[in-house]
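Quick one: the structure is below, questions incoming.
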Amino acid sequence: MAAERTAHVTWSGSLMEGSGTIDRVGSGAFGPLDVTWASRTEESNGQTSPDELVAAAHAACFSMALSHALAQAGTPPERLETTATVTFVPGTGITKSALTVRGSMPGMDADAFRVAAESAKENCPVSKALAGVPEITVDATLS
């Protein structure tokens, strides 16, 4: 079954001087969130950016994919802590997404964990959606 998700955004003004609001998402999980060009390219000052939301989506999707792969291999994780850092370059776009994952995995060696993390990076749906991003990396270590 396909799942559709929605977000509603309002923007007023030009790119540089204007501002917007992520008014709501279909689930009701968050909103409103303010967004501006400055929050995207300079200091966030309590506002979000599309790139920050992409980072959140990438970290969550990757964690889910890795957890599933590890469980399918008979070694479900006790805990995964994932950070995604998305780099946005004005005029170019998103140029990198760097995933860092620390896993608590009794009975698994570090090399096997890194291999599983690389596979999850390649196969999570958000990584696939980001296929046009020049660089997607993963740094995986056991805690």
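Tell me which of these Gly28 doesn't satisfy, since it passes every other one: (1) under 20 Å from the mean Cα position of the chain (by Cα); (2) closer than 29 Å to Ser119 by Cβ; (3) in a loop (DSSP other than H, G, I, E, B).
The number of the failed condition is (2).
Right, something else. Within the range 7-43, track down each residue that is of a type in the set (Phe, Trp, Tyr) and surrounded by fewer than 16 Cβ atoms within 10 Å (Cβ to Cβ).
The first filter runs over the range 7-43 and keeps only residues of a type in the set (Phe, Trp, Tyr), leaving 11, 30, 37.
Matches in the range 7-43: Trp11, Phe30.
Based on this model, can you work out whether Lys121 counts as surrounded by 18 or more Cβ atoms within 10 Å (Cβ to Cβ) and of a type in the set (D, E, K, R)?
On the way: surrounded by 18 or more Cβ atoms within 10 Å (Cβ to Cβ): yes; of a type in the set (D, E, K, R): yes.
Against the criterion (surrounded by 18 or more Cβ atoms within 10 Å (Cβ to Cβ) and of a type in the set (D, E, K, R)), Lys121 qualifies.
Right, next: Just name the residue that is nearest to Val138 (Cα to Cα) out of those in the range 70-98 that are crowded, with 18+ Cβ neighbours inside 10 Å and touching a residue at least 40 places away in the same chain (Cβ under 8 Å). Give the steps one after another, and end with the answer.
From the range 70-98, those crowded, with 18+ Cβ neighbours inside 10 Å are 70, 77, 80, 82, 84, 86, 94, 97; that's our starting set.
Those left that are additionally touching a residue at least 40 places away in the same chain (Cβ under 8 Å): 70, 94, 97.
Working: Leu70: 16, Ile94: 16, Ser97: 9 Å.
By that ranking, first place goes to Ser97.
Return a yes/no flag: does the range 105-124 have any residue that is more than 23 Å from Ile22 (Cβ to Cβ) and touching a Gly at 6+ places or on another chain (Cβ under 7 Å).
Yes, some residue in the range 105-124 is more than 23 Å from Ile22 (Cβ to Cβ) and touching a Gly at 6+ places or on another chain (Cβ under 7 Å).
Could you tell me which of the residues Leu33, Leu80, Leu66, Leu99 is modelled with pLDDT of 95 or more and outside the structural domain of Ala131 (by TED's automatic domain parsing)? Walk me through it before giving the result.
Working: Leu80 fails: outside the structural domain of Ala131 (by TED's automatic domain parsing); Leu66 fails: outside the structural domain of Ala131 (by TED's automatic domain parsing); Leu99 fails: outside the structural domain of Ala131 (by TED's automatic domain parsing).
Going through Leu33, Leu80, Leu66, Leu99 in turn, just one is modelled with pLDDT of 95 or more and outside the structural domain of Ala131 (by TED's automatic domain parsing): Leu33.
Just give me the residues in the range 99-117 being in contact with a strand residue (DSSP E or B) (Cβ under 6 Å, 6 or more places away or on another chain) and surrounded by fewer than 19 Cβ atoms within 10 Å (Cβ to Cβ), in sequence order.
Answer for the range 99-117, where residues must be in contact with a strand residue (DSSP E or B) (Cβ under 6 Å, 6 or more places away or on another chain) and surrounded by fewer than 19 Cβ atoms within 10 Å (Cβ to Cβ): Thr100, Arg102, Ser104, Ala110, Arg114.
The values are calculated or read from the model by the stated rules, or taken from the named source; none is laboratory data. Bear in mind the structure is a predicted one, so any value in this text is a computation, not a measurement. When we count neighbours, we look across all protein chains shown, and the Cβ atoms used for this are built from the backbone with ideal geometry, even at glycine.
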